[in-house]
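The values are calculated or read from the model by the stated rules, or taken from the named source; none is laboratory data. Everything quoted here is computed from the prediction, not taken from an experiment. As a convention, Cβ positions derive from the backbone with ideal geometry for all residues, glycine included, and neighbour counts pool all protein chains shown. When the accessible area is computed, the model is the full protein with side chains, heavy atoms only, and any ligands, DNA or RNA have been set aside. Shrake-Rupley method; radii C 1.70, N 1.55, O 1.52, S 1.80 Å.
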Amino acid sequence: MKQREHFGSRFAVIAALAGSAVGLGNIWRFPYILGQYGGAAFIIVYIIAGLVLALPIFFAESIIGRNARSDTFGAMSKLAPGTPWRWAGLLTVITPLLLLGYYSVVGGWSVQYLFKSLSFSFTDIPAEVIPSLFSRFITSPWQPILAHTAFMAMVTAIVLGGVKQGIEKFSKVAMPTLFVLILVIMAYSLTLPGSFRGIEYLVKPDFSRLTPGAYAAALGQAFFSLSLGVGTILTYASYIKKEENLLVSGMGTAVSDLLFALIAACAVMPAVFAAGLQPGDGPGLVFETLPFIFHKMGQGMPIVSTLISIVFFVTILAAALTSAISMLEVGVTFLADEKKMPRRRATLLLSILCWVLGILCSLSFGTLSHVKILGFTFFDALDTLCSVWLMPLGGLVFTLFVGWKMSKPAVRDEFTNGGTVNVRLFGVVYFLMRFVAPVGILVVFATNLLM
Ligand code: PHE
């Protein structure tokens, strides 16, 4: 039998995991959710939710994945043979494909905006027109589909390279580069006149703005940002060597993800305030605001505004790519492990599926905007289905599996590498996985149902 591939080093493991975690969730979603729920106070809730609820689920997924060395369905079947758990495993094969269906549309928007920056399209027009370009662009039929197709082609090409030659290689270059680029943008953003108001917004908590919905949103964001509940972490963990310390790779990923989100917020918010715009502007926030402010502030020096805008959209695109490949990999690993399908064929098949789904999502902003599922457009329906329901459900399944189905010695063995590392911390992590995380998720489900 062919040997299962492995990530080559600790750096490779963290680059791949953090590559999956750091994505549109950090640069595109975090700033506008933060804006909608009131800034600094939300960040505090977000960090607590991350530590006590999201991180334990991250560990649960890593423990299952590395222990079984298999795709999500195979892992459940192997560790709990003949039980319905495997169907839960199958669900987490499907969720990331649905997710990629709409994620790739936003990935496409970043391709298009990068293209616009490269061709000086933003500096050729008055700055004031830029924000309105966004809605015109996403509602037009062809351009976004073309951009989405380009994005999916890049994702497919990387995953075709395999775990080591494709995913690992790309993530090892992309991740450090991303950090440098986002720091450059933050530095620029902080020099904008009026930027201090953005920073104030990020550090001065106003707890009166924390509605019950903010707690659910914080957990939802933590899930989305750490790529939880969709089998991605489980699948990547199945490629981690037995000697690797799961606590270290998990913490390394979570810290990188949080740090990146905070730096991104420090890059985006000052620009939003400097432009005199509203932080709670919604999903268009970074696309409408940043090219506008870059152009406005660089008046007379189009080359500077163009350069900084290129840097910004390269950052979004690279971050989106490292995440999107991890979504596709879940299904590819499933087909390769369970159906013994050659990786190439599995990758192409699933890419086409997601591409078609993405076309429907893309059209749902314009041509198909009248088609509604339970009152939602196609894009919104998939987003709500995945981020509000399926991701937390997947997370619940994984923690219940580790906390209540797997034997405690097996879990301890996996987390402590046979009693050689993290022995003292195991009790706390186990408690969080067994009790705190499942209860937290159930509370959030209840909140979502009642709202
Ligand atoms: N974590 C990614 C982001 O922040 C999104 C993602 C979710 C990736 C689920 C993989 C699986 O953009």
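Some observations on this one:
- Residue check, Leu192 under 30 Å from Leu277 (Cα atoms) and not in a helix (DSSP H, G or I): yes
- Any chance Ile14 is part of a helix (DSSP H, G or I), open to solvent by 20 Å² or more (accessible area, probe 1.4 Å), within 15 Å of the ligand (Cβ to nearest atom) and more than 25 Å from Val436 (Cα to Cα): yes
- Restricted to the range 308-320, and to residues there that are more than 9 Å from the ligand (Cβ to nearest atom) and either open to solvent by less than 10 Å² (accessible area, probe 1.4 Å) or of a type outside the set (A, V, I, L, M, F, W, C) (or both), the residue that is farthest from Ser227 (Cα to Cα) is Ser309.
- Residues that are open to solvent by 60 Å² or more (accessible area, probe 1.4 Å) and not charged (D, E, K, R), drawn from the range 376-399: Phe376, Leu385, Trp389, Leu393
- Among the numbered conditions (1) within 16 Å of the ligand (Cβ to nearest atom); (2) among the acidic types (Asp, Glu); (3) surrounded by fewer than 22 Cβ atoms within 10 Å (Cβ to Cβ), the only one that Asp124 does not meet is (1).
- Residue within the range 99-109 that is open to solvent by 10 Å² or more (accessible area, probe 1.4 Å) and among the β-branched types (Val, Ile, Thr) present: no
- Options Arg69, Arg10; residue that is of a type in the set (D, E, K, R), at positive phi and more than 17 Å from the chain's Cα centre (by Cα): Arg69
- Residues within the range 78-110 that are away from the ligand (no atom under 12 Å from the Cβ) and either under 13 Å from the mean Cα position of the chain (by Cα) or not in a helix (DSSP H, G or I) (or both), tallied: 5
- None of Leu160, Leu118, Leu98 is at pLDDT 95 or above, over 17 Å from Ser323 (Cβ atoms) and of a type outside the set (Asp, Glu) except Leu160.
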